[in-house]
Every structure is written in C-alpha cells, then in structure tokens.
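Colleague: Structure provided below as structure tokens; questions to follow.
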Amino acid sequence: DVAGVVVDMRGTTISASAAWEVRSALERFRQQGGRVVVYVERGGMSVFHIASIADRLVMHPEGGFSVPGYVAGSTYLADFFEAAGVGVDELREFAYKSGAETLSRREMSDEEREQRADMIDEYYTLTRDDVTASRGLSADEYDEIIRDGLQLTAGGLRKLGLVDSVAREGELSDVIEELEGAPLVQRAASELPAFQYPDDDYWGTRPTVAVVYAVGTTQIESGMHARRVAEAIRNARRDPNVVGVVLRVDSPGGDPLAADLVAEELRKTSEEKPTVVSQAGVAASGGYWVGMYADHKLAAPNTVTGSIGVIATWLYDDGVSDLMRVATDHVARGESADLGFGPSIPLLGIQLLPSRALTERERGLMVDYLYELYDRFVEKVAEGRDMEAAQAEELAQGRVWTGRAAQERDLVDILGGIDDAVELVLREAGLSPEHPYTVTESPAPPAGPWMQATLLGALGMENRIEHVTPALPGAGLAVADADLMKAYVDLLMERSGDPLVVLPFEHLHQHYLLEAGN
C-alpha cells in the first residue's frame, strides 16, 4: 500500500558512514518500486549524499547546499608542549601508527599524509559515484559543482539538476500529487499496519537477534565500558532465545586489554552462535580488535578501519615545574622507581607528570613490549581472518583503510550496514529475514559523539527493538567537541608509556572533521 516515502532532512546532522547506510536503505526501497521524496532546507556533504537518491528532491526557496568536498587534518602541538615545558617522546615503531604524532610534530608525517589522502579520496569518489548515478551527471560535471560548491542556492541547484522542486514544507502535498498524478494519503510510518500488530502475535517466544554496542574508546570502566560490553555478549550467548549476535562497533581504540575482553567473549560466542560485526564510522585499532573473531565483518565503504598497530607516548616534565614555580622531591629504591613520580599541578589539570625522560635502557624495554604486543595483535588478526601471518603483517604497521579498501584486502567481508548485519545473522541461524523475530539492544545506545551508532530505528526496525539494559552514563566520549583533545591528552598522560591500540585524536570526531568541509 506504500507508494513512497518523504524524508524530512531539516536540521539533519549525520556522519558520512551513517549517511551511506541510510542512503542504501532508500536505494533498496526504490529498487522495490517505491518512490522517494526528500525535503531539505540546507546541508553539507552527507545530507547532499543522502538527498541525491530522491526521485524528487525538494528544497526550501531560501535553502542551499554547501558542498566543497571533504577535508581531514590535525592540530599539531609540538611547539605548545615545548613552550609549556612538557617533553614528548613518541615511541613510534610502525610507520603508519600515527596516534601520537600530533603531540610530537609540527606537520603530518609522509605516512600519515598518504593514508589520510587515500581516505579522503575514497569519501570523495564514493559520493561522486553515487550522486552522478542518481542525478544523471558526468564525473566532470560533479567536479565542477564541488569546485563552486561553497554556497549553492536552491535556484542554482535547480538549474544544475540537483534539485527538482523549490517549495516550502507546507507545499509538499502538491509536489507529491504532481509526482504521482493523484493526491495520496500521507501518514507517519508508525501508523502503518506493520507497526500496529500486537506484540503477542507469535506462538511462543520469537527468536532474538542481540545487537550489542561497542561504542567509544576501548576502555574498561569508561569509553565503551568494555567489561559491560563483554558481559552483554556473554549474556546473549547463554540466552537460548538469542539466535545470533551483531556487534555494532564505533571506536577509535585505546586500551588493548579492554579490546581483548570484548574480542574473547565474541570468539567464544562464535563457537556457539552466528556473530557479525557491523562497523560504523570508525572501527580501527582497538576498534578493529574487538570484532576480529566474528564470523563476518560488515563495513560502510567509508568506514575508517584497520590500523593494526601499537603506539606508546612518554610525556614528562621538561621545564613545566620551573615555569610554574613548583618543586618536587622524593626518595626511591629501584633504578626506575622514580618513573612513576612527578609534579602534580591541579590548576592546570595535571594530576601526575613524570619528572624525567626515559633512559636508553628504559626506552628499549618499552619498545620491546611494543613489539611483543604488536606481534600478538597481528597473530590474532591472522587467526580471526583465517589468513597467513605474513599477509596480516602486510596489512598492519598501523595502516588505516577505508571499508572498501579493507574489503579488497580481506579485513572486511561485506559492504553493508547494521540492517544487513541483522539479516545475515538470521540467515546464518537458518531463518528467513521474513520470519518473526525480535531485536534486543544492549547496552542501550549512548549519547555523545557516537550517537549515530544505532540506525535500527531509522531503518524501520524500531517496532522489533527491546532495550535490555539502560544506557551507560558517560558512555562513548560524551563531551563537547572542544573537550575531545583534552580527553585524548588525558588518556595519553594517564597511560604514559603504556602500549595503546588507538587512532590519532582527530578520529575521535572524524564525523565532524569530514563535515567541516561544509
């Protein structure tokens, strides 16, 4: 009975990878004979990407797009730390593992520039291919639009063929009547019969797909709350009604121990039930580790993934005590005991800063530990992906890949979204996606920079969802953009000298960096 859908994109903010998932769902709807009307007031690259799928793209007369392309960059703090008297020793043994170079350098390393450029090229090409296919443009015409795309008005967009109708929201009925050739009843999706069926229309207990969210930095009692995530996977494994698990990952990594807690529970579950990882915007380093043992990995073409590598940073007092007129004194027994001692400057938020740099012997010990952890990481990837260790090593060294590039290199199996992951679990469990089933979410999706982690509601599955645990307070990195860098530096300072499986700071808000091109 549904002829089409109207997508209201007023005020939409969405990550590039989530935009691809929503657009893909709309594209499948069109392929099944439905028509799509999109209403936009204004937007950037991600809104532009989704809206281009429309049979009829309607824009407010005073609206517009700002679509100059994509950008990704970093803020480099070497001079700042030097002026503040904070020493930075970047223990970087793997070419592409750039997690701490923003603290120790003044510009991108060649390796970082290479992988960032490849990532941005993938974002640009994906959007260009989709928009040109949907709107009947050539690649050259698209490039010209982006070149002049800083501010495109509704009228100008209509002349370019990117907008079909200029109208206000109250005039959408006229647009739909023109498109369909007759007036149609408009109703909210929640009013459709499929959403009105009683919950008990199934004889017995419906089979359940457990969607578990691994969202935020890989930390045990903060970030994604790895212990809670591992517990949710374990509970799903033990629940006889759960036919399989989808692990939805949106994480730039962090603590390898936390990542392994989740990965091990997923490995055990894979031995008993189908497991599928759905990678969101970022699922790299520790965010890749958590799902390495899944039966299948899905990603968006523009997911940031891979980064199989380890980094450590030693931050120490290189004059900050003199600058702040504070002094320390201590007694110790043990050649390196004083490494755990240093000035605390609460007024600057510095709780503990080691008093000195590493000796050559101490640095060598830390580097040895880095290599030991790195070798285990690579071995685990090889085991989880059923590949030779040498092949895994070729894909490692901390190199970041987009979802499409990762699929080409067997780090990801399928390009798809969370709805595809749920359907894949059902098929692996021997059920048709048309079979009645329930989705449980655990922990409930958190607020914060990873709010786009759940698309189940946007993809029409909200009538199947049951939240089995409350949202975690402070899950993800529920802090303002301005505080993200401080949270990242705090993490490095708290874990100074410890090997971490983490991406650079900018990937903590990669969604927003890519939207900065607006």
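The values are calculated or read from the model by the stated rules, or taken from the named source; none is laboratory data. Please read these numbers as outputs of a predicted model, since none were measured by experiment. A quick note on method: Cβ atoms are made from the backbone with ideal geometry, for glycine too, and the neighbour counts reach across all protein chains shown. To get the accessible areas, we keep the full protein, side chains included, count just its heavy atoms, and leave off ligands, DNA and RNA. Shrake-Rupley method; radii C 1.70, N 1.55, O 1.52, S 1.80 Å.
Colleague: May I ask you to verify whether Ala283 is part of a helix (DSSP H, G or I) and open to solvent by less than 50 Å² (accessible area, probe 1.4 Å)?
Modeller: Spelling it out, it is not the case that Ala283 is part of a helix (DSSP H, G or I) and open to solvent by less than 50 Å² (accessible area, probe 1.4 Å).
Colleague: In addition: Would you confirm, using the coordinates I've provided, whether Gly170 is in a helix (DSSP H, G or I), closer than 15 Å to Val38 by Cα, open to solvent by 30 Å² or more (accessible area, probe 1.4 Å) and small (Gly, Ala, Ser)?
Modeller: Yes: the conditions hold for Gly170.
Colleague: Here's something else I'd like to know. Under the condition of being modelled with pLDDT under 95 and among the hydroxyl-bearing types (Ser, Thr, Tyr), which residue from region 1-39 is surrounded by the fewest Cβ atoms within 10 Å (Cβ to Cβ)?
Modeller: Thr13
Colleague: So Val243 fits all but one of (1) assigned to a helix (DSSP H, G or I); (2) touching a residue at least 60 places away in the same chain (Cβ under 8 Å); what number is the exception?
Modeller: (1)
Colleague: Give the residue, chosen from Phe94, Phe81, that is in contact with a strand residue (DSSP E or B) (Cβ under 6 Å, 6 or more places away or on another chain) and either open to solvent by less than 10 Å² (accessible area, probe 1.4 Å) or modelled with pLDDT under 95 (or both).
Modeller: None of the other options fit; the residue is Phe81.
Colleague: On the basis of being among the β-branched types (Val, Ile, Thr), touching an Asp or Glu at 6+ places or on another chain (Cβ under 8 Å) and at pLDDT below 90, does Val468 make the cut?
Modeller: Yes: the conditions hold for Val468.
Colleague: Could you tell me which numbered condition Val276 fails, if it satisfies all but one of (1) in contact with a Pro (Cβ under 8 Å, 6 or more places away or on another chain); (2) under 14 Å from Glu428 (Cβ atoms)?
Modeller: (1)
Colleague: Still on this structure: Between a first residue in region 52-67 that is β-branched (Val, Ile, Thr) and a second residue that is in a strand (DSSP E or B), which pairs have beta carbons less than 7 Å apart while being 6 or more apart in sequence or on different chains?
Modeller: That search, which allows pairs on different chains as well, returns Ile53/Val36; Val58/Val37; Val58/Val38; Val58/Tyr39; Val58/Ser165; Val67/Leu152.
Colleague: Hey, any hits in region 144-151 for a residue that's touching a residue at least 60 places away in the same chain (Cβ under 8 Å), under 30 Å from Lys273 (Cα atoms), open to solvent by less than 70 Å² (accessible area, probe 1.4 Å) and not in a helix (DSSP H, G or I)?
Modeller: no
Colleague: Let me ask something additional. Can you tell me which of (1) free of Cβ contacts under 8 Å to residues at least 40 places away in the same chain; (2) farther than 24 Å from Lys297 by Cβ; (3) outside any helix (DSSP H, G or I) is the one Glu272 doesn't meet?
Modeller: In the conditions (1) free of Cβ contacts under 8 Å to residues at least 40 places away in the same chain; (2) farther than 24 Å from Lys297 by Cβ; (3) outside any helix (DSSP H, G or I), Glu272 misses (2) alone.
Colleague: Just a yes or no: is a residue in region 224-241 over 28 Å from Ala54 (Cβ atoms), in contact with a helix residue (DSSP H, G or I) (Cβ under 9 Å, 6 or more places away or on another chain) and among the β-branched types (Val, Ile, Thr)?
Modeller: Yes, region 224-241 contains a residue that is over 28 Å from Ala54 (Cβ atoms), in contact with a helix residue (DSSP H, G or I) (Cβ under 9 Å, 6 or more places away or on another chain) and among the β-branched types (Val, Ile, Thr).
Colleague: While we're looking at this one, here's another question. Of everything in region 152-167, what is surrounded by 14 or more Cβ atoms within 10 Å (Cβ to Cβ) and of a type in the set (D, E, K, R)? Give them in sequence order.
Modeller: Those that are surrounded by 14 or more Cβ atoms within 10 Å (Cβ to Cβ) and of a type in the set (D, E, K, R): Arg158, Asp164.
Colleague: Further, regarding this structure: Residues to consider are Leu261, Leu266; find the one that is closer than 23 Å to Glu383 by Cβ, out of contact with any Ser or Thr (no Cβ under 8 Å at 6 or more places or on another chain) and part of a helix (DSSP H, G or I).
Modeller: Matching residue, one of Leu261, Leu266: Leu261.
Colleague: Still on this structure, please answer the following. Going by what's in this entry, would Ala259 be described as surrounded by 24 or more Cβ atoms within 10 Å (Cβ to Cβ) and either closer than 30 Å to Glu362 by Cβ or among the β-branched types (Val, Ile, Thr) (or both)?
Modeller: yes
Colleague: Next question. What helices (runs of 4 or more DSSP H) lie completely within region 359-417 and have 3 or more residues being of a type in the set (D, E, K, R) and modelled with pLDDT of 95 or more?
Modeller: Output list reads 360-385.
Colleague: Right, something else. Within region 317-337, how many residues turn out to be under 29 Å from Tyr369 (Cα atoms), touching a strand residue (DSSP E or B) at 6+ places or on another chain (Cβ under 8 Å) and open to solvent by 40 Å² or more (accessible area, probe 1.4 Å)?
Modeller: 1
Colleague: May I pose another question? Within region 89-110, is even one residue more than 30 Å from Leu323 (Cβ to Cβ), outside any loop (DSSP other than H, G, I, E, B) and out of contact with any Gly (no Cβ under 6 Å at 6 or more places or on another chain)?
Modeller: Looking through region 89-110, at least one residue is more than 30 Å from Leu323 (Cβ to Cβ), outside any loop (DSSP other than H, G, I, E, B) and out of contact with any Gly (no Cβ under 6 Å at 6 or more places or on another chain).
Colleague: Which residue pairs have Cβ atoms closer than 8 Å, lie 6 or more positions apart in sequence or on different chains, and pair a first residue in region 8-37 that is in a strand (DSSP E or B) with a second residue that is β-branched (Val, Ile, Thr) and buried (at least 22 other Cβ atoms within 10 Å of the Cβ)?
Modeller: Pairs that qualify, where the first residue is in a strand (DSSP E or B) and the partner is β-branched (Val, Ile, Thr) and buried (at least 22 other Cβ atoms within 10 Å of the Cβ), are Val36/Ile53; Val37/Val58.
Colleague: If you don't mind, there's one more thing I want to ask. Looking only at region 366-387, count how many residues are surrounded by fewer than 16 Cβ atoms within 10 Å (Cβ to Cβ) and either without any contact (Cβ under 8 Å) to a residue 60 or more places away in the chain or within 21 Å of Glu408 (Cα to Cα) (or both).
Modeller: 7
Colleague: Take the residues in region 42-53 that are in contact with a helix residue (DSSP H, G or I) (Cβ under 8 Å, 6 or more places away or on another chain) and small (Gly, Ala, Ser), then tell me which one is surrounded by the fewest Cβ atoms within 10 Å (Cβ to Cβ).
Modeller: Out of the qualifying residues, it is Ser52.
Colleague: Quick one: Pro61 ticks every box in (1) under 30 Å from Leu503 (Cβ atoms); (2) surrounded by fewer than 20 Cβ atoms within 10 Å (Cβ to Cβ) except a single one, so which number is it?
Modeller: (1)
Colleague: Just checking, how many residues over region 243-254 are farther than 30 Å from Glu494 by Cβ and open to solvent by less than 10 Å² (accessible area, probe 1.4 Å)?
Modeller: Final tally of qualifying residues: 3.
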